[in-house]
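The values are calculated or read from the model by the stated rules, or taken from the named source; none is laboratory data. Since the model is a prediction, treat every value here as computed from it, not as a measurement. Every residue, glycine among them, receives a Cβ derived from its backbone with ideal geometry; neighbour counts consider all protein chains shown. For the accessible areas, the whole protein counts, side chains as well, though only heavy atoms, and no ligand, DNA or RNA atoms are used. Shrake-Rupley method; radii C 1.70, N 1.55, O 1.52, S 1.80 Å.
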Amino acid sequence: MAHDFDIRYDRRLTPEFLAHFCPGGFASSLATITKSGLYPLDLRTRRDAKSGAEHVTLYTGLTAVLQVLSSKNGTIRLAAHSTHQKQGTFDKAWQAARTVEDWTTLWPEVELYLERVIPAASQSHGRTEGAVQAAIGSYRDDARIVLDREVTPSFRDAKLKKQVMDECRDPILAALKAADLGFSGMPKPLGNECDALAISSDGTLEAIEVKPLRGGSIAWVAAQALMYSRLLATWVEYVADEPDQVPGRVLREMAEQRAAMGLAPRAVPTLPDRPTVIPVVAVQRGASPTMVSRMLAVRDALAASEHSFPRVKIFEVSLIGELIELDESRTATGKPRPLVTSWAARHNAAGQEWKARTPTLPDEARGPGTVKNRAGKQVDVDYALPREHALLNLLPEVRATGLEIFSALEIPWNQGRDGQPSPHLRSSQVQCVNALAQMIKDPDRIEAAFGSVLDIAAVRDLGKVHPSESGRFLTFEYIGPTDKDYLSEGRKGKRTRGSQCTSIDAAFPYRTSAGVDELALVEWKFTETYPSADHGADRKLKERTKRYGHLLEDPDSPIDVGDVEIGDLFHEPSTSSSVSSCSRGSSRPTRTWRRSGSESCTSCPRRTSRTSGRTAHRRSHRWATTSARRGSDCCVDRTGS
């Protein structure tokens with residue numbers, strides 16, 4: 001049989017076959033089972049480049065426990081290895097082709113087979129490399145979409161395959177042979193089946209070599225990853241210019257099909273027609289420092305060779321499938337660092353990296369800074385600026401504006417001194433000013449940032465609400481009219497904005513399309529956590545009830561307290577429920593207030609970070625464009641004004 005291609009990689013399913021595995025399809029439970037995370041499962045699509053035959057495989061570790069195969073006439077049959085058939089009581093009658101209607105009736109029995117076989121197969125095939133591969137395939141983050149596993153292109157014939165393999169492999173082995181590595185054991189064969197293929201957020205392809213702890217020596221894994229990348233790069237470069245086979249289109253549509261099954265994010269990174277392929281190594285955490293140093297020696301030898309190989313990226317993979325760059329996972333001596341799990345700890349590390357690399361700081365500002373810890377003690381930390389350089393914690397484009405408004409309104413800076421902001425790189429107050437201060441004089445920014453959640457027909461001058469704010473469209477630490485002490489918080493008849501009284505982090509007035517004047521009250525959170533109970537809550541219950549109780553219970557209160565004890569609201573939230581304790585990119589809870597029977601608050605839109613000037617320096621410890629749902633949490637309450 002003749003074929004009109006030289007090299008091809010394409011595992012897209014036909015729309016008709018794909019529909020069976022999407023919500024509403026008879027086999028959609030396969031994706032649900034895969035996403036459960038209880039076993040090392042992975043669901044992958046397969047399509048033969050020559051015959052066009054297609055099937056979907058459910059893997060447990062490295063073994064296929066179920067294959068769903070399509071026939072040209074639209075009928076479907078199942079297959080499984082004899083060992084799994086015996087372990088799970090697979091009905092051999094399922095190997096005969098049947099209609100979709102038949103399978104809709106029979107599928108509950110197939111699910112029972114999976115209930116029996118998956119635990120057994122996990123014990124026998126899901127403990128080493130298979131477990132790591134499944135974890136990588138199921139883990140979701142913003143950095144990559146793991147598209148496929150056990151990846152190898154198809155070739156026109158065996159002769160062409162050997163030619164391409166030799167061209168990809170021989171320069172790698174020659175470079176290793178010429179290198180003075182100081183240890184032996186260089187592999188002679190290099191495989192052609194890439195463990196995993198991912199689309200990176202920057203639109204490149206990652207050819208990933210996965211190595212578990214008990215999977216043999218890791219010293220040479222960089223060579224294997226390089227082999228995979230060269231092989232896939234050959235496909236990208238030399239595949240025919242058929243519109244349907246352009247690599248970027250094939251990969252994008254494969255990702256879209258995984259998203260349709262619920263196995264990948266719907267937002268697919270932009271891919272060029274012929275993307276760059278990057279070699280990547282994912283080593284399970286726990287390898288010895290000696291083996292890590294050998295692995296790095298091989299990587300560096302390949303990068304320094306005369307062949308101009310791309311530098312292999314090396315990650316360690318955690319138990320949940322997260323890829324952690326080796327520099328973050330290990331110290332310079334090769335010893336493992338503890339996993340960073342909290343959002344605050346991640347930003348501490350990111351702040352230190354920013355201090356070391358940014359050109360916006362003078363060298364004398366890169367040292368430790370002094371902050372107050374939870375115990376109230378002054379401590380030196382690397383995630384703060386030296387006190388004398390605290391001013392640099394404000395971005396250049398908001399520095400003068402922020403200092404001017406805080407000075408004019410006599411607002412103290414939290415942990416600041418002498419009219420300067422806190423040197424702490426995670427200061428929520430500083431983050432709020434950095435993100436929003438440009439809006440003080442620019443109403444268009446306010447509408448662009450909040451217009452998707454508020455009915456803003458026009459942003460109003462704050463002077464219409466309070467004369468002292470005239471000329472501003474947004475303000476900070478707002479406490480309302482100074483002559484009205486709503487909560488009896490004043491000391492000697494005076495309240496100080498931002499200190500010892502209820503202050504709104506930011507506020508701005510606007511008019512709705514119906515002509516109603518409203519005031520938006522913005523609550524800003526960045527990395528705050530509440531790790532322990534509020535032990536002073538009971539002692540302050542009487543005072544707080546007197547201050548807040550009548551307002552909370554008022555029929556016009558924006559907070560519905562019908563089903564809660566008032567005193568329960570006077571405790572800080574625990575870490576488990578805090579909106580600022582989430583990590584790994586999980587969606588943050590949305591706060592809502594009740595007013596006249598309608599919800600009037602939602603999380604701040606993602607593009608807030610883009611309209612606030614925060615991306616100018618790409619400071620990763622701050623409002624990066626991809627961090628709005630993971631980092632600063634901004635809630636807006638609408639109040640008539």
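One table, with the values for the structure above:
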| item | result |
| --- | --- |
| Those helices (runs of 4 or more DSSP H) lying entirely in the stretch 306-408 with at least 3 residues in contact (Cβ under 8 Å) with a residue 24 or more places away in the chain and either of a type in the set (Ser, Thr, Tyr) or open to solvent by less than 70 Å² (accessible area, probe 1.4 Å) (or both) | 343-357, 396-408 |
| Among the candidates Asp556, Asp568, residue that is touching a strand residue (DSSP E or B) at 6+ places or on another chain (Cβ under 9 Å), exposed (fewer than 14 other Cβ atoms within 10 Å of the Cβ) and either of a type in the set (Gly, Ala, Ser) or at pLDDT 80 or above (or both) | Asp556 |
| Of residues in the stretch 253-279 being basic (Lys, Arg) and under 18 Å from Ser138 (Cα atoms), the one surrounded by the fewest Cβ atoms within 10 Å (Cβ to Cβ) | Arg266 |
| Verdict on Leu160 being open to solvent by less than 30 Å² (accessible area, probe 1.4 Å), among the aliphatic types (A, V, I, L, M) and either out of contact with any strand residue (DSSP E or B) (no Cβ under 9 Å at 6 or more places or on another chain) or without any contact (Cβ under 8 Å) to a residue 12 or more places away in the chain (or both) | no |
| Of all residues in the stretch 78-90 being free of Cβ contacts under 8 Å to residues at least 24 places away in the same chain and open to solvent by 70 Å² or more (accessible area, probe 1.4 Å), the one that is nearest to the chain's Cα centre (by Cα) | His81 |
| Meets criteria (closer than 22 Å to Ser184 by Cβ, part of a strand (DSSP E or B) and touching a residue at least 60 places away in the same chain (Cβ under 8 Å)) for Val292 | no |
| One residue from Asp455, Asp444 being free of Cβ contacts under 8 Å to residues at least 60 places away in the same chain, part of a loop (DSSP other than H, G, I, E, B) and within 31 Å of the chain's Cα centre (by Cα) | Asp455 |
| Some residue of the stretch 307-327 being at positive phi and under 23 Å from the mean Cα position of the chain (by Cα) | yes |
| Residues of the stretch 10-44 satisfying the condition of being modelled with pLDDT of 95 or more and among the hydroxyl-bearing types (Ser, Thr, Tyr) | Thr14, Ser28, Ser29 |
| Number of the exception - Gly203 against (1) crowded, with 23+ Cβ neighbours inside 10 Å; (2) within 22 Å of Pro247 (Cα to Cα) | (1) |
| Selected residue (criterion: nearest to Ala207 (Cα to Cα)) from residues of the stretch 99-154 that are part of a loop (DSSP other than H, G, I, E, B) and more than 21 Å from the chain's Cα centre (by Cα) | Thr152 |
| Residues of the stretch 478-511 that turn out to be within 16 Å of Val465 (Cβ to Cβ) and surrounded by 12 or more Cβ atoms within 10 Å (Cβ to Cβ), as a count | 14 |
| Residues (polar (S, T, N, Q) and either assigned to a loop (DSSP other than H, G, I, E, B) or free of Cβ contacts under 8 Å to residues at least 40 places away in the same chain (or both)) located in the stretch 199-213 | Ser201, Thr204 |
| Hey, Ala514 open to solvent by less than 50 Å² (accessible area, probe 1.4 Å), at pLDDT 85 or above and either within 25 Å of Gln429 (Cα to Cα) or assigned to a loop (DSSP other than H, G, I, E, B) (or both) or not | no |
| Meets criteria (open to solvent by less than 30 Å² (accessible area, probe 1.4 Å) and more than 22 Å from Met165 (Cα to Cα)) for Phe5 | no |
| Members of the stretch 91-125 that are open to solvent by less than 20 Å² (accessible area, probe 1.4 Å) and in contact (Cβ under 8 Å) with a residue 24 or more places away in the chain | Trp103, Trp107, Val110, Tyr113, Leu114, Val117, Ile118, Ala121, Ser122 |
| Criterion (in contact (Cβ under 8 Å) with a residue 12 or more places away in the chain, open to solvent by 20 Å² or more (accessible area, probe 1.4 Å) and of a type in the set (Ser, Thr, Tyr)) met by exactly one of Thr57, Thr14 | Thr14 |
| Residue count, the stretch 233-252 (criterion: within 30 Å of Gly216 (Cα to Cα) and either of a type in the set (D, E, K, R) or open to solvent by less than 30 Å² (accessible area, probe 1.4 Å) (or both)) | 2 |
| Matching residues, the stretch 280-305, being closer than 27 Å to Ile145 by Cβ and open to solvent by 20 Å² or more (accessible area, probe 1.4 Å) | Gln284, Arg285, Gly286, Arg299, Ala303 |
| Search result, residues across the stretch 277-312 that are over 22 Å from Glu167 (Cβ atoms) and of a type in the set (Phe, Trp, Tyr) | none |
| Close pairs (8 angstrom Cβ cut-off, 6 or more residues apart or separate chains): surrounded by 12 or more Cβ atoms within 10 Å (Cβ to Cβ) in the stretch 170-186, of a type in the set (Asp, Glu) and part of a loop (DSSP other than H, G, I, E, B) anywhere | Ala175/Glu306 |
| Residue under evaluation Thr75, criteria (1) buried (at least 17 other Cβ atoms within 10 Å of the Cβ); (2) modelled with pLDDT of 95 or more; (3) over 22 Å from Ala196 (Cα atoms); (4) polar (S, T, N, Q), criterion not met | (1) |
| Filter pass, Thr152 being surrounded by fewer than 20 Cβ atoms within 10 Å (Cβ to Cβ) and touching an Asp or Glu at 6+ places or on another chain (Cβ under 6 Å) | yes |
| Residue identified as within 30 Å of the chain's Cα centre (by Cα), on the phi < 0 side of the Ramachandran plot and touching a residue at least 12 places away in the same chain (Cβ under 8 Å) among Thr63, Thr75 | Thr63 |
| Hits in the stretch 84-98 (condition: in a helix (DSSP H, G or I) and over 19 Å from Phe21 (Cα atoms)) | His84, Gln85, Lys86, Gln87, Gly88, Lys92, Ala93 |
| Count of residues meeting criterion [of a type in the set (S, T, N, Q) and assigned to a strand (DSSP E or B)] in the stretch 490-511 | 2 |
| Restricting the stretch 208-220 to residues that are closer than 19 Å to Ala134 by Cα and β-branched (Val, Ile, Thr), the residue that is modelled with the highest pLDDT | Ile208 |
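Yes or no, residue by residue, for (1) of a type in the set (Phe, Trp, Tyr); (2) surrounded by fewer than 21 Cβ atoms within 10 Å (Cβ to Cβ):
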{"site": "Pro412", "(1), (2)": "no, yes"}
{"site": "Gln415", "(1), (2)": "no, yes"}
{"site": "Gln431", "(1), (2)": "no, no"}
{"site": "Ile446", "(1), (2)": "no, no"}
{"site": "Phe450", "(1), (2)": "yes, no"}
{"site": "Arg460", "(1), (2)": "no, yes"}
{"site": "Gly463", "(1), (2)": "no, yes"}
{"site": "Pro467", "(1), (2)": "no, yes"}
